[in-house]
Amino acid sequence: MTYNLGHKITELKHIYDLFEMINSKLVGTSSKLNIYLIGGGALMFYNAKASTKDLDIIVTSNSDLELIENILFRLGFKEKILTIEYKNFELDKMFELDDYRLDIFNQKVCGKLGISERMISRAKIELSLSNLKLCILSKEDIFVFKSITEREGDIEDSVKIIEQNIDWKIIKEELLYQIEKSGTNNWITLFNQRLEKLDEEFGLKSPIAREIKKLAEKEYEKLKK
């Protein structure tokens, strides 16, 4: 599985090969696995990014997390000890083998935003194998997740997504749905900060910025109390 990529995945083939290997360990079993690609690897499928240093994936249950973890161990992957940066990121697992690195989230990103039924319905099945489906989230939903993370490159990725002509209405509706479903919006301040930064540093104005700012101001008031 070594590609000598200089710790970067540079072709979609490298992504396909990895998930075909994972599927091979499921063949002959009754287990089915749906994996959702949400980060830079997903942006490669939209031609918004030429390479990625890791693959951010999210699974939708504890049992799926345990299943993929067992498969990765069988393939020779090693689990990495999370540094403070990634513990704060509330990443569930990180695995490495050769030039592959998988960052795995279980149901939520940063412990805040969950993968919703609406996100799943918008996702595109990119690879359908006997026991595994690799699904790519919509550009809008990738932007939602990217907007609450603080890793190196996330702001640049957000810029690239906006340049893909995203539907801001979908983003707003998803945010409101997440608030309604969870009963909390403590992550909205992070989302607001990202929109402000995109405006100030890149001149990218969002048509939903005013509404998001109002929600963030309400959250700041709650925190003060």
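The values are calculated or read from the model by the stated rules, or taken from the named source; none is laboratory data. Source: prediction; values computed, not measured. In this analysis, Cβ positions are derived from the backbone assuming ideal geometry, glycine residues included, and neighbour counts consider all displayed protein chains.
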If you take the residues in region 113-163 that are within 18 Å of Leu102 (Cβ to Cβ) and part of a strand (DSSP E or B), which one is nearest to the chain's Cα centre (by Cα)? Ile136
Exactly one condition in (1) more than 22 Å from Lys146 (Cβ to Cβ); (2) modelled with pLDDT of 95 or more is false for Tyr3; which is it? (2)
Glu156 meets each of (1) more than 15 Å from Asp141 (Cα to Cα); (2) in contact with a strand residue (DSSP E or B) (Cβ under 9 Å, 6 or more places away or on another chain); (3) of a type outside the set (Val, Ile, Thr) with one exception, condition (2)
Enumerate the pairs (first residue in region 110-128 and closer than 18 Å to Ser147 by Cα; second residue anywhere and charged (D, E, K, R)) with beta-carbon separation below 6 Å, excluding pairs fewer than 6 apart on the same chain, so at least 6 apart or on different chains. Cys110/Glu90; Gly111/Glu90; Gly114/Lys108; Met119/Asp141
Yes or no: Ile166 in a loop (DSSP other than H, G, I, E, B) and over 21 Å from Ser61 (Cα atoms)? yes
What about Ile142, is it hydrophobic (A, V, I, L, M, F, W, C), modelled with pLDDT of 95 or more and surrounded by 13 or more Cβ atoms within 10 Å (Cβ to Cβ)? yes
So, in region 50-76, of the ones that are within 21 Å of Leu113 (Cβ to Cβ) and part of a loop (DSSP other than H, G, I, E, B), which residue ends up modelled with the lowest pLDDT? Asp54
